[in-house]
1. So residue 242 ticks every box in (1) within 30 Å of residue 214 (Cβ to Cβ); (2) not in a helix (DSSP H, G or I) but one. Which box is left unticked?
2. Here is a check on your reading of the model: is residue 149 in contact with a Ser or Thr (Cβ under 7 Å, 6 or more places away or on another chain), modelled with pLDDT of 90 or more, more than 27 Å from residue 294 (Cα to Cα) and surrounded by 20 or more Cβ atoms within 10 Å (Cβ to Cβ)?
3. Would you pick out the residues in region 37-62 that are crowded, with 23+ Cβ neighbours inside 10 Å and over 21 Å from residue 118 (Cα atoms)?
4. Residue 310: open to solvent by 10 Å² or more (accessible area, probe 1.4 Å), in a loop (DSSP other than H, G, I, E, B) and closer than 18 Å to residue 26 by Cα, yes or no?
5. On the phi > 0 side of the Ramachandran plot and modelled with pLDDT of 95 or more, is that true of residue 89?
6. Filter region 246-300 for residues that are at positive phi and open to solvent by less than 50 Å² (accessible area, probe 1.4 Å); which is farthest from the chain's Cα centre (by Cα)?
7. Condition first: in a helix (DSSP H, G or I) and among the β-branched types (Val, Ile, Thr). Now tell me which residues in region 177-231 satisfy that.
Amino acid sequence: MALLRKNDDSEIPEETEDEIPVVICAAAGRMGATMAAINSIYSNTDANILFYVVGLRNTLTRIRKWIEHSKLREINFKIVEFNPTVLKGKIRPDSSRPELLQPLNFVRFYLPLLIHQHEKVIYLDDDIIVQGDIQELYDTTLALGHAAAFSDDCNLPSAQDIDRLVGLQNTYMGYLDYRKKTIKDLGISPSTCSFNPGVIVANMTEWKHQRITKQLEKWMQKNVEENLYSSSLGGGVATSPMLIVFHGKYSTINPLWHIRHLGWNPDTRYSEHFLQEAKLLHWNGRHKPWDFPSVHNDLWESWFVPDPAGIFTLHHHNS
């Protein structure tokens, strides 16, 4: 088995047999989210985790400082630069939710280019907290021929919670524009259950074999030309190409490993019991737990690692 080359990012043990690679992005304005996520993962497992922290060039020094000058200094990590020029001509400007067009949202499309020596990889959005042992998520079984596993949007929590999550998208109809011929020609029923690519367990061999990255880029390109999904309700600029490319060809993650929509509506709360059972919490939606208004931010804040540079601060108005 190829050994990792030691580099100056950290002391990486020679033995990489049982290493779990976790890819997570660190965007300039949300770095506190990344650090809280890393802290929660590291604190809840005995597994040997190697964190690939992905950033744009101008943030790399800050990422390193935050890790090395905080309680996270114990972790094994590599800092990876993502070069946004690969996205040139592939993203259609979308004024309704410009934050979804940040280059790092597309890192998940390029996993094999960023990570070379691993067969299986976990990708996580930054607005998550892990309460379980990440080894369990890593042990997710991928069916033969599947390049990835996701959480289905149809195994969402109980109906009474969902009623209050008005406007929630859980079918392909919410992400793709079915008035367009290109979408109709896919032959995918609009009522097909969607999935959420904020938590991914991926098989790199299959990913490369099926040229997943090329396929995703093709659909980005088509969207630039034909506006197939950018302005859709789901705001699914990074989700939509994945829904198309992985349709009918993905394995599923245990639903407790992706409890989401905590950032959907500040008036909707999950029961404490339900949240305790959850292995992974995801504040997808506009209401992030480091901002106001938001819900269940106490769960998030217990993992927060203060910014040694003092740039990232919490915006809470505690009543």
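1. (2)
2. Yes; evaluated as a whole, the condition is true for this residue.
3. 37, 40
4. For residue 310, the condition - open to solvent by 10 Å² or more (accessible area, probe 1.4 Å), in a loop (DSSP other than H, G, I, E, B) and closer than 18 Å to residue 26 by Cα - is met.
5. Spelling it out, it is not the case that residue 89 is on the phi > 0 side of the Ramachandran plot and modelled with pLDDT of 95 or more.
6. 296
7. Selection gives 182, 183, 205, 212, 213, 224.
Residues are listed down the side, and each one gets a yes or a no for (1) hydroxyl-bearing (Ser, Thr, Tyr); (2) surrounded by fewer than 19 Cβ atoms within 10 Å (Cβ to Cβ); (3) in a strand (DSSP E or B):
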position	(1), (2), (3)
112	no, yes, no
126	no, no, no
129	no, no, yes
132	no, yes, no
137	no, no, no
145	no, yes, no
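The values are calculated or read from the model by the stated rules, or taken from the named source; none is laboratory data. These numbers were taken from a predicted model, which means no experiment stands behind them. Ideal geometry is used to build each Cβ from the backbone, glycine not excepted, and the neighbour counts take in all protein chains shown. The accessibility values were calculated without ligands, DNA or RNA, using every heavy atom of the protein model including side chains. Shrake-Rupley method; radii C 1.70, N 1.55, O 1.52, S 1.80 Å.
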